[in-house]
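Data block below; observations after.
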Amino acid sequence: MDSLTQIVLGAACGEAVLGKKIGNKALLFGAIGGTIPDLDVYVGSLLYGNQIDAMLFHRGFMHSILFSVLAAFLFGWFAFKLYNSGKRRGTTIQKDWISLFFWSLFTHPILDCFTPYGTQLFSPISSYRVALNNIAVVDPIYTIPFLLCMIILMFFKRTSSRRLLWLRLGIGVSSIYLLFTFANKLYMDSIYRKSLNFNNVIYKRYFTQPTIFNNILWYGVAETDSTYYVGYYSLLDNENKFSDFKELPKERALNVNDYRRVNDLAWFSNYYFSIYKIAENEYQYNDLRYPLTSDENSNSSVFRFRLFDENGILNMKPFERNEDNVSDALSALWKRIKGK
């Protein structure tokens, strides 16, 4: 999920492990641990000269269980050496710090698994991307109550029982909401299947996921032999069915036989994608796991970028963001959430 949510979750882990011993410093170190896996965005840029390879590195090994274990020992040892000096000597043990970093590191990719982006939880043993699709990458209803609880507990002494109360409340409320999103996901899958059957769509596979910032409006994609069939449904709709259906062609302007990275990108998108030629030696890649920004433009995917041939090697650069288009898309999203 987004960086703020991971910071809050990491801080909660720090508080749970070391809050009684070191107070608010536990929140700080937990927040640092919760941030570390997402540094793979910068690490990937340093390791790879190719932007596609750098993007694919995100939510890879640094989001795995193995990394959580190995990094917990490394950062736990370092933090203990850093903290255990002067008047603080003997107030904590190295095991405490290893535990703090393990839980703040481990819960990060676990939470990411619930989002549509996908997380290589079992890397490097397996490249399988775990994506349960039950919560958006940014969901204020999950994050804000959790954040408020963490802020409030900071004002109590580290030995106060109220501190533990607010920690439990923050974890409890966010966990209950996460359970709701699971139930909602099962309901949305059922509604989408019925909607596809009602529209006589013969599909090979499908998925549903919430749109950004909420768990009310959902987006569904079904794959047929020649197209993708996409639609929306809000819990506030008058009828219990997906609507606003649009057919998107399976456009493949680039071939995996010509460029190995085409197959890498297809894997990244769980093979829900299209590639359009937009200029000489330049192509647009649309990741269809995410909605369109405009209903009138079937090529206006939220997650898209330009592909180009760089001396026989496929590379990419992001599309320039049009702030007016973003504003219009968010306005349309809010209007659609309210139902029809």
Once both label points are put 7 Å beyond Cα along the C-beta direction, the S190-V173 separation in nm becomes 2.9
Treating only Lys and Arg (+1) and Asp and Glu (-1) as charged, each at its beta carbon, one finds that segment 223-284 has a dipole about its Cα centre, in Debye to the nearest 20, of 180
A student applying the Cα gyration tensor rule (rounded when a/c is under 1.5; otherwise prolate if a/b is larger than b/c, oblate if not) would label segment 187-340 oblate
XL table K250/K335; K250/K317; K185/K277; K246/K338; K20/K81; Cα-Cα > 26 Å flagged, in table order, is K250/K335; K185/K277
Once both label points are put 7 Å beyond Cα along the C-beta direction, the K204-R162 separation in nm becomes 6.0
Diffing segment 15-20: the Karplus 3J(HN,Hα) column from phi (6.51, -1.76, 1.60, θ = phi - 60°), in whole Hz with x for Gly and Pro, holds 5, 5, 8, 10, x, 5
For segment 40-50, in residue order, the Karplus 3J(HN,Hα) values (coefficients 6.51, -1.76, 1.60; θ = phi - 60°; whole Hz; Gly and Pro = x) are 5, 4, 7, 4, x, 5, 6, 7, 10, x, 8
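With every protein chain kept in place and ligands, DNA and RNA left out, what is the accessible area per residue of the chain? Probe 1.4 Å, answer in Å². Could the numbers behind the result be given before it?
Numbers: 17080 Å² over 340 residues.
Averaged over the residues of the chain, the accessible area is 50 Å².
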Residue by residue through segment 67-79, the couplings from Karplus 6.51 cos²θ - 1.76 cosθ + 1.60 with θ = phi - 60°, in Hz, x for Gly and Pro, are 4, 4, 5, 5, 5, 4, 5, 5, 6, x, 4, 5, 5
In terms of the charge dipole of segment 140-225, which places +1 on Lys and Arg and -1 on Asp and Glu at the beta carbon, the residue among S160, T211, L147 farthest towards the positive end is S160
Distance in nm between K250 and Y48 label points, each 7 Å along Cα→Cβ, equals 2.5
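Only four residue types carry charge here, +1 at the Cβ of Lys and Arg and -1 at the Cβ of Asp and Glu. Report the dipole size of segment 132-274 about the Cα centre in Debye, rounded to the nearest 20. Don't skip to the answer; put the middle values down first.
Details: 16 positive and 11 negative charges, 170 e Å.
Dipole size: approximately 820 debye.
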With the label point 7 Å along the Cα-to-beta-carbon line of D309 and a cut-off under 18 Å to each amide N, the hits in segment 267-290 are 275-285
Reduced to Cα centres, the span from segment 143-196 to segment 7-57 in Å works out to 20
For F319, the residues 5 or more places away or on another chain with a placed amide H closer than 5 Å to its own amide H are R306
Treating only Lys and Arg (+1) and Asp and Glu (-1) as charged, each at its beta carbon, one finds that the chain has a dipole about its Cα centre, in Debye to the nearest 20, of 1960
Placing +1 on each Lys and Arg Cβ and -1 on each Asp and Glu Cβ in segment 26-169, then taking the dipole about the Cα centre, the residue among L82, I52, V137 whose Cα reaches farthest towards the positive end is L82
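The values are calculated or read from the model by the stated rules, or taken from the named source; none is laboratory data. In this text the structure is predicted, and so the values were computed from the model without any measurement. So basically every Cβ, Gly included, is an ideal-geometry build from the backbone, and we count neighbours across all protein chains shown. When the accessible area is computed, the model is the full protein with side chains, heavy atoms only, and any ligands, DNA or RNA have been set aside. Shrake-Rupley method; radii C 1.70, N 1.55, O 1.52, S 1.80 Å.
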